[in-house]
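Asks: The structure that follows is given in the form of structure tokens.
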């Protein structure tokens, strides 16, 4: 554990020597890959990303529907609004609220939109968040929704990983970087304060102090008329939270399991379980959604009701409230099902009209009324937006265009058998009956993130339309089959993620869909860690790998940027018992000069302040020192997404697919 790291200097994100090293790797990669086909694919990708025909998704704020929009004329974007009547037309009349391109030009800043918190219930003020280059750290400014101007001498917060929400029109609840030990080891706020209008930020009143070892603390205000409450959330690790109501200056603990997700709506409390819950008299299964009367639960007298119970094939994906209905989206073998639930009786009714092998997403609901916006899409079905009262009927009001010819493309779900005998589902999308061919396998496998079917016009144009096959693997570590699908693969179970992915790769070859030489794989962030493991432990299964914004040095991940917040997922490398299992798969520590590795494209972003670019830099340097060839590209902007605008996204996509076409078609 005390081995010297010869490439530690590459962790100096903006150091001159480190950036010189980055440029020296970027240049040959771009020289090799940026040819005629790359240029054509970049153009095609940008057409998809910038088209005016895509659906402008909205969120209701009072009488207005708000949308954030980027296109060729507005690469940084517009925050704009319209009415429902106008939105339902083919050419809505949009009113500009914030022109981010004009703002960035006027202030000579590389602003990237990072959202806005609008005060409820009158929607007169907003806390607008602006990021430099796409980083997680951002500035916050108060904005008047009536005048469409930033408020002079209003609430303004310097660049930090700030947590902020409205308490009322004259006070906000805030956690930010005050210096002097105000952050957790993960780099997020550990203090929650009340900041009153017209007072200095440094004079804000402390409401709660968390621990340095927490992930973060944050407070929010529920402004629902008649049910106004202030909540405090203390994330003790990535998966465990203590939730309190702040009432008359006192903290009242909502005594649900810390690893459950707790939320309140009007007089109801919802508890989404990640593990089995033993209450003394009853046992509630992991993955279930439990409801209780809010006040009765705090008093310890609540009658708990099971709203949804998971089984071996069905899991809860997400949910949202209208005023009087709960809308839930579940996954049955990774395919969406949408239902409405009536609180009190908890009777469930299906929402009809969702096609097979599709992904349904609740875009927005009106928690003071009955309105819902619901989107669905599939691998070959562009997005469709439904709207109407939650009890129906829902009307199709927007349809996204097709960006590639899907008539000859089939979608099928298969199951591979992992090393321990577990059936691992995966979707295959490609030309029918064409025999083995170039295939791209995608996976993530972490943090209970579910990968579901969905339309991707860029992948369709740049890969499927050019004869490629796309495969989505629903490996353990994700949430496709509920929290147990994830918890199996945490910490010492991490090897299951790699074994599942390797099983899918082998099954693709065995079933004749592709060959080893024609099989590529791609993953980013935690999925980038997966690619690093495939490179160092399963290189014989692949013809090419794309590793994006990755974690790779698992000996130091917890010391870099937000890495400490992921110790609950991976383990603590400073603990000898944890390092024993982490060291077996950590890609940076398992490079071999004696094994043949498939061609590798490594991509990252200098501005990524979540996963440190040092992971990708050091891994590339170590691979080169061991005699392996790596194509490396680091975007100077982009944050953890890897790109700050549509043009950068199109560039990155074209670069990746050019690499895959060259390596897998040869």
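The values are calculated or read from the model by the stated rules, or taken from the named source; none is laboratory data. Since this is a predicted model, take the numbers as computed values, not measurements. With ideal geometry, Cβ positions are generated from the backbone for all residues, glycine too; neighbour counts draw on all protein chains shown.
Asks: Which residue pairs have Cβ atoms under 6 Å apart, sit 6 or more places apart or on different chains, and have a first residue in the stretch 92-108 that is at negative phi and a second that is surrounded by fewer than 16 Cβ atoms within 10 Å (Cβ to Cβ) and not in a strand (DSSP E or B)?
Replies: These pairs meet every condition: 92/86; 93/86; 97/148.
Asks: Give the residues of the stretch 528-565 that are closer than 21 Å to residue 29 by Cβ, part of a helix (DSSP H, G or I) and under 22 Å from the mean Cα position of the chain (by Cα), sorted by residue number.
Replies: Across the stretch 528-565, the qualifying residues are 528, 531, 532.
Asks: Going residue by residue through the stretch 319-326, is there one that turns out to be in contact with a helix residue (DSSP H, G or I) (Cβ under 8 Å, 6 or more places away or on another chain) and at pLDDT 95 or above?
Replies: No; the residues of the stretch 319-326 include none that is in contact with a helix residue (DSSP H, G or I) (Cβ under 8 Å, 6 or more places away or on another chain) and at pLDDT 95 or above.
Asks: Residues that are surrounded by 14 or more Cβ atoms within 10 Å (Cβ to Cβ), in contact with a strand residue (DSSP E or B) (Cβ under 6 Å, 6 or more places away or on another chain), part of a loop (DSSP other than H, G, I, E, B) and without any contact (Cβ under 8 Å) to a residue 60 or more places away in the chain: does the stretch 130-143 have at least one?
Replies: The answer is no; no qualifying residue exists.
Asks: Here's a follow-up. Can you pull out every residue in the stretch 400-419 that is farther than 28 Å from residue 351 by Cβ and assigned to a loop (DSSP other than H, G, I, E, B)?
Replies: Result: 404, 405, 407, 408, 418, 419.
Asks: Taking the stretch 542-565 only, how many residues are in contact with a helix residue (DSSP H, G or I) (Cβ under 7 Å, 6 or more places away or on another chain) and over 30 Å from residue 515 (Cβ atoms)?
Replies: Going through the stretch 542-565 one residue at a time, the tally reaches 8.
Asks: What strands (runs of 3 or more DSSP E) completely inside the stretch 420-490 contain at least 3 residues that are closer than 21 Å to residue 535 by Cα, modelled with pLDDT of 95 or more and in contact with a helix residue (DSSP H, G or I) (Cβ under 9 Å, 6 or more places away or on another chain)?
Replies: Counting at least 3 such residues, we get 439-442, 469-473.
Asks: Any chance the stretch 50-71 includes a residue that's part of a helix (DSSP H, G or I) and at pLDDT below 95?
Replies: There is at least one residue in the stretch 50-71 that is part of a helix (DSSP H, G or I) and at pLDDT below 95.
Asks: Let me ask another. Assess whether residue 397 counts as being surrounded by 15 or more Cβ atoms within 10 Å (Cβ to Cβ), assigned to a strand (DSSP E or B) and over 25 Å from the mean Cα position of the chain (by Cα).
Replies: Criteria met by residue 397.
Asks: Also, quick follow-up: Could you list all residues from the stretch 585-610 that are more than 27 Å from the chain's Cα centre (by Cα), touching a residue at least 24 places away in the same chain (Cβ under 8 Å) and outside any helix (DSSP H, G or I)?
Replies: 590, 591, 592, 593, 595, 596, 597, 598, 599
Asks: Here's another thing I want to ask about it. Please go through the stretch 23-56 and pick out each residue that is in contact with a helix residue (DSSP H, G or I) (Cβ under 7 Å, 6 or more places away or on another chain) and farther than 15 Å from residue 661 by Cα.
Replies: Answer for the stretch 23-56, where residues must be in contact with a helix residue (DSSP H, G or I) (Cβ under 7 Å, 6 or more places away or on another chain) and farther than 15 Å from residue 661 by Cα: 25, 44, 45, 46, 48, 49, 50.
One line per residue, one yes/no per condition, for (1) modelled with pLDDT under 95; (2) in contact with a strand residue (DSSP E or B) (Cβ under 9 Å, 6 or more places away or on another chain); (3) at positive phi:
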position: 625; (1), (2), (3): no, no, no
position: 632; (1), (2), (3): no, yes, no
position: 638; (1), (2), (3): yes, yes, yes
position: 647; (1), (2), (3): yes, no, no
position: 651; (1), (2), (3): no, yes, no
position: 660; (1), (2), (3): no, yes, no
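Asks: Also: Name the single residue that is nearest to the chain's Cα centre (by Cα) among those in the stretch 227-278 being touching a residue at least 24 places away in the same chain (Cβ under 8 Å), within 19 Å of residue 320 (Cβ to Cβ) and not in a strand (DSSP E or B).
Replies: 273
Asks: Looking only at residues in the stretch 350-385 that are part of a strand (DSSP E or B) and free of Cβ contacts under 8 Å to residues at least 24 places away in the same chain, which one is nearest to residue 54 (Cα to Cα)?
Replies: So, considering only residues that are part of a strand (DSSP E or B) and free of Cβ contacts under 8 Å to residues at least 24 places away in the same chain, the one nearest to residue 54 (Cα to Cα) is 384.
Asks: Related question: Surrounded by fewer than 22 Cβ atoms within 10 Å (Cβ to Cβ) and touching a residue at least 40 places away in the same chain (Cβ under 8 Å): does that describe residue 481?
Replies: Against the criterion (surrounded by fewer than 22 Cβ atoms within 10 Å (Cβ to Cβ) and touching a residue at least 40 places away in the same chain (Cβ under 8 Å)), residue 481 does not qualify.
Asks: How many residues does the stretch 111-127 hold that are part of a strand (DSSP E or B) and touching a residue at least 60 places away in the same chain (Cβ under 8 Å)?
Replies: Residues flagged as part of a strand (DSSP E or B) and touching a residue at least 60 places away in the same chain (Cβ under 8 Å) within the stretch 111-127 amount to 1.
Asks: Do we find a residue being under 30 Å from residue 125 (Cα atoms), modelled with pLDDT of 95 or more, touching a strand residue (DSSP E or B) at 6+ places or on another chain (Cβ under 6 Å) and surrounded by 19 or more Cβ atoms within 10 Å (Cβ to Cβ) anywhere in the stretch 272-284?
Replies: No, the stretch 272-284 contains no residue that is under 30 Å from residue 125 (Cα atoms), modelled with pLDDT of 95 or more, touching a strand residue (DSSP E or B) at 6+ places or on another chain (Cβ under 6 Å) and surrounded by 19 or more Cβ atoms within 10 Å (Cβ to Cβ).
Asks: If you check residue 571 against the conditions, is it at pLDDT below 95 and at positive phi?
Replies: Answer is no for this residue.
Asks: Does the stretch 299-313 hold any residues that are in contact (Cβ under 8 Å) with a residue 60 or more places away in the chain and touching a strand residue (DSSP E or B) at 6+ places or on another chain (Cβ under 7 Å), and which are they?
Replies: Residues satisfying the conditions are 310, 313.
Asks: Taking only pairs six or more apart or across chains, which ones have beta-carbon atoms under 7 Å, a first residue in the stretch 397-424 that is without any contact (Cβ under 8 Å) to a residue 60 or more places away in the chain, and a second residue that is surrounded by 15 or more Cβ atoms within 10 Å (Cβ to Cβ) and assigned to a loop (DSSP other than H, G, I, E, B)?
Replies: Listed by first residue and then by second, the contacts come to 402/382; 406/380; 409/380; 411/357; 411/379; 411/380.
Asks: Inspect the stretch 326-343 for any residue being surrounded by fewer than 20 Cβ atoms within 10 Å (Cβ to Cβ), over 30 Å from residue 381 (Cβ atoms) and without any contact (Cβ under 8 Å) to a residue 12 or more places away in the chain and give the result as yes or no.
Replies: no
Asks: Whether any residue in the stretch 166-180 is touching a helix residue (DSSP H, G or I) at 6+ places or on another chain (Cβ under 8 Å) and part of a loop (DSSP other than H, G, I, E, B) is what I want to check.
Replies: yes
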